[in-house]
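The values are calculated or read from the model by the stated rules, or taken from the named source; none is laboratory data. On a predicted model such as this, the values are computed, not experimentally measured, just so you know. Virtual Cβ from ideal backbone geometry, glycine too; neighbours counted across all protein chains shown. Heavy atoms of the whole protein, side chains included, go into the accessibility calculation; ligands, DNA and RNA do not. Shrake-Rupley method; radii C 1.70, N 1.55, O 1.52, S 1.80 Å.
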Amino acid sequence: MNYQKRFVVEPGAKVRLGKIDPAFKGKHESKDKAAPEIQKHVERMAKAQYMLYADGNRSLLVVLQALDAGGKDGVVRHVFTAMNPQGTSVSSFKQPSAMEAAHDFLWRAHLPTPVKGEVVIFNRSHYEDVLVVRVHQLVPKAVWSKRYDLINDFEKILTDNGTRVLKFYLHISPAEQLARFAQRLDDPLRQWKISEADYSERKLWPDYIEAYEDAMERTSTKHAPWYVIPSDHKWFRNLAISEILADALEDMELKLPPTRVDIAEIRRKYHTAAARQGRQGHTPPKEK
Ligand code: ATP
Ligand code: MG
């Protein structure tokens, strides 16, 4: 399936989340049926990550945004599993610290962006500054409304420097969110995750949807696109995101660097019978 094409927010297009079914499942009926395909994409991602590292000129920034219990952590755990931890990191955006709040809103986002060869995942992101900040009027409209253009400029700086920026909104229904909260209540291992705020934020659902729609309309660009991922079914979410990431990485046409030595010469020098003979003839100095 071409989920890149199906779920992308075309630059300038209107976003109507109410018209997108969060329970969409595509061609598979169940998690078990989808598992082999997810595995295939996850392995493609791992191979592509190796190429990204070897190529050394490009990088990938993945932005994950969702309402509470939308599944950001699940994507980090299930989609990026096969990637090499040496070239991957996750940055979580919580309420700004005093130091962060004393800077411009992009300051804390710029620092953890990926260096060449690396993959970075933003678990929440600089978009919180036009989402929660807008919904709760933490700054005046005159301030947040200018941020869309600033975000576009920021992401242009990153892409001009070789970073592919891909942004995912995990789209769940209010009923699915409530069901996930209830599961947390029943699971002693996850009860610590529940807060009153989860329930009070739910009341602001329409405001969040409006803020998300505006954000995606104004910041989905050719160089840094948004994807709306139906996420009521966790396995479908993982399938769609892993496919989109694998396709996007493969489209980057990453290349292995040229070899730095004459391979035939190295073979002759160190790996022929004569060379091995020489090595066997070598007696190490006696230990004292
Ligand atoms: P979990 O799924 O574990 O709840 P989480 O990402 O929701 O993960 P929390 O610590 O519960 O993590 O919440 C972080 C909170 O910080 C969110 O409510 C988010 O909206 C808020 N936040 C993030 N960035 C900003 C910001 N710039 N200004 C104000 N609040 C912010
Ligand atoms: Mg939370």
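General observations
- Scope region 185-226; condition within 15 Å of G70 (Cα to Cα), aromatic (F, W, Y) and either touching a residue at least 40 places away in the same chain (Cβ under 8 Å) or more than 16 Å from ligand 2 (Cβ to nearest atom) (or both); matching residues: W205, Y208, Y212
- Inter-residue pairs, beta-carbon under 7 Å, first among the β-branched types (V, I, T) and in region 16-31, second surrounded by 14 or more Cβ atoms within 10 Å (Cβ to Cβ), 6+ apart: I20/H171; I20/V228; I20/P230
- Tally of residues being in a helix (DSSP H, G or I) and open to solvent by 30 Å² or more (accessible area, probe 1.4 Å) across region 3-36: 10
- Listed by first and then second residue, the pairs linking a residue in region 121-146 that is within 21 Å of V79 (Cβ to Cβ) and touching a residue at least 60 places away in the same chain (Cβ under 8 Å) to a residue that is of a type in the set (S, T, N, Q) and crowded, with 18+ Cβ neighbours inside 10 Å, with Cβ atoms under 7 Å apart and 6 or more places separating them unless they lie on different chains, are R124/Q65; S125/Q65; Y127/Q65.
Listed here are the residues, each with its yes/no results for (1) farther than 25 Å from D232 by Cβ; (2) away from ligand 1 (no atom under 15 Å from the Cβ); (3) at pLDDT 95 or above.
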{"site": "F154", "(1), (2), (3)": "yes, no, yes"}
{"site": "L158", "(1), (2), (3)": "yes, yes, yes"}
{"site": "R164", "(1), (2), (3)": "yes, yes, yes"}
{"site": "Q177", "(1), (2), (3)": "no, no, yes"}
{"site": "Q183", "(1), (2), (3)": "no, no, yes"}
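- Among the numbered conditions (1) within 15 Å of ligand 2 (Cβ to nearest atom); (2) not in a helix (DSSP H, G or I), the only one that G74 does not meet is (2).
- Answer residue from region 195-206, given it is open to solvent by less than 50 Å² (accessible area, probe 1.4 Å) and in a loop (DSSP other than H, G, I, E, B) and is nearest to ligand 1 (Cβ to nearest atom) among those: S195
- Test: S92 is within 12 Å of ligand 1 (Cβ to nearest atom), polar (S, T, N, Q), buried (at least 19 other Cβ atoms within 10 Å of the Cβ) and in contact (Cβ under 8 Å) with a residue 12 or more places away in the chain: no
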